[in-house]
Amino acid sequence: MALVFPSTHPLVKHKLTLLRDMKTEPKKFRELIRELTVLLAYEATTDLTLVDKDVTTPMGQARGAQLADKIGLVPILRAGLGMVEGIWELMPSAEVWHIGLYRDEKTLRPVQYYNKLPISPTVEVCLILDPMLATGGSAVATCDILKKWGARRIKFVGVIGAPEGIQRLTTAHPDVPIHIAAVDERLNDIGYIVPGLGDAGDRQFGTG
Ligand code: PRP
Ligand code: URA
């Protein structure tokens, strides 16, 4: 069974519409990416493991809980960078491991140019951050890298997915849940998501 979770949250739908708008400038675009990521990460982390922890309040003892899982945030450069800060505020002890990939414009295959993962895993749960799941090549390559590293629990957090990319990721890595704001219609003949939002890296960084 495919683990695909498109958000139904009204705030996500509202902010995604603003994000798609071609009139949205990079500053606002970055703000929206950050806000959407917080909402999506909230939905993606409902099954994190807790351990009991008692705490003393000014009025007495309270039963409480604390996160047991060490979380790794894995943004795929460049566009995934804008998804880090918001989640990091929610989970300040998360580690951030960058993976640099770009799509070759002709073949659409991911080309790796950066990876600074340590030799063995330091976290229990990895959240891959990338706004766009187009052909799925970059997401599959990142899961391959993380699994080879030894990661056992991986989740993909994205903004827009094409059916082709979702299919490819769920076929290659059926154990990786996909948390996403929307599933769009299709890819066009140059591998862009339609209607999508254009180039997520260029729109964040004012390039292109
Ligand atoms: C974009 C996007 C994903 C990838 C998705 O990155 O951020 O990483 O394309 O496409 P795929 O599913 O077909 O692999 P891009 O290669 O444009 O690099 P950038 O983030 O540096 O702009
Ligand atoms: N990468 C993007 O930034 N946008 C797309 O539509 C596809 C890949």
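The values are calculated or read from the model by the stated rules, or taken from the named source; none is laboratory data. Here the structure is a predicted model, which is why all the values come from computation and not from measurement. Heads up, the Cβs are rebuilt from the backbone with ideal geometry, glycines too, and the neighbour counts pull from every protein chain shown. The accessibility values were calculated without ligands, DNA or RNA, using every heavy atom of the protein model including side chains. Shrake-Rupley method; radii C 1.70, N 1.55, O 1.52, S 1.80 Å.
Take every DSSP beta bridge whose two residues both sit in the chain; close to 40 percent of them are antiparallel.
Normalising the average separation of contacting C-alpha pairs (under 8 angstrom, six or more residues apart) by the number of residues puts the relative contact order of segment 95-208 at 21 percent. For segment 40-77 versus segment 130-194, the inter-centroid distance based on Cα atoms is 26 Å.
Over the chain, Cα pairs under 8 Å with separation of 6+ residues give a relative contact order of 24 percent. Computed over the chain with a Gaussian network model linking Cα atoms closer than 10 Å, the most mobile of Thr57, Thr24, Thr46 is Thr57.
Given R0 = 30 Å, the distance between the Cβ atoms of Tyr113 and Leu18 translates into a calculated FRET efficiency of 0.45.
For the listed residue pairs Lys28/Lys106; Lys53/Lys148; Lys15/Lys148; Lys116/Lys155, the alpha carbons are over 26 angstrom apart in Lys28/Lys106; Lys53/Lys148; Lys15/Lys148. Between amide H atoms placed 1.01 Å from N, distances below 5 Å from Cys126 occur with Gly72, Arg153, Ile154, Lys155, all of them 5 or more places distant or on a separate chain.
Here the accessible area is traced with a 1.4 Å probe on the protein chains. For segment 1-85, carbon and sulfur cover 60 percent of it.
With contacts taken as Cα pairs under 8 Å at a separation of at least 6 residues, segment 83-129 carries a relative contact order of 32 percent.
Taking all protein chains into account, the per residue accessible area for segment 1-95 stands at 62 Å² (1.4 Å probe). The 1.4 Å probe gives accessible areas that order Arg152, Arg63, largest first, as Arg152, Arg63.
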